[in-house]
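Every number in this text was worked out from the coordinates using simple rules, so none of it is lab data. None of these values were measured; they are calculated from a predicted model. Glycine gets a Cβ as well: all are built from the backbone with ideal geometry, and neighbour counts include every protein chain shown.
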Amino acid sequence: MKKSAAKLFQERLRQLRKERGWTQEQTAEQCGIGYKLYQLYELGIKQNPGLKSLERLAAGFGLEIHELLTPTFPQKRRKPRKNVEDSSRRYAK
């Protein structure tokens with residue numbers, strides 16, 4: 001069964017915090033958000049962080065927002081398709 005985005009986000013916050021050896025309180029301070037708010041995110045009680053909170057969390061961990069939301073990057077990147085222009089012209093007709 002696939003994990004929800006909220007559960008993945010919760011796990012990602014905990015992973016990043018533990019990698020740095022921070023407490024929840026230290027993490028909240030580093031990210032510039034309230035301790036209770038951070039705790040609610042990590043516990044999964046509050047599941048919809050606003051954009052401002054995401055920006056602050058990412059900056060606190062030294063990441064970009066997309067890195068905060070992506071637990072791991074794919075090991076093998078897909079190669080771009082050949083003839084992308086050709087296929088777009090085909091559909092433009």
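Given their separation in residues at 0.36 nm each and the Cα-Cα distance between them, Gln39 and Glu25 gain 4.2 nm when the chain is fully extended.
The mean sequence distance of close C-alpha pairs (under 8 Å, at least 6 residues apart), as a share of the length of the stretch 17-69, puts its relative contact order at 30 percent. The Cα-based radius of gyration and maximum Cα-Cα distance (Dmax) for the stretch 19-65 are 9.8, 25 Å.
Which loop-located trypsin sites (Lys or Arg not before Pro) does the stretch 1-74 contain, where loop means any DSSP state but H, G, I, E or B and the Cβ has at most 16 other Cβ atoms within 10 Å?
Passing both the DSSP loop test and the Cβ count: Lys2, Lys3, Lys46.
Residues in the stretch 1-31, backbone N under 17 Å from the label point at Lys46 (7 Å along the Cα-to-beta-carbon vector): list them, ranges by number please. In the stretch 1-31, the label zone of Lys46 (backbone N under 17 Å from the point 7 Å along Cα→Cβ) covers 6-7, 9-14, 24-31.
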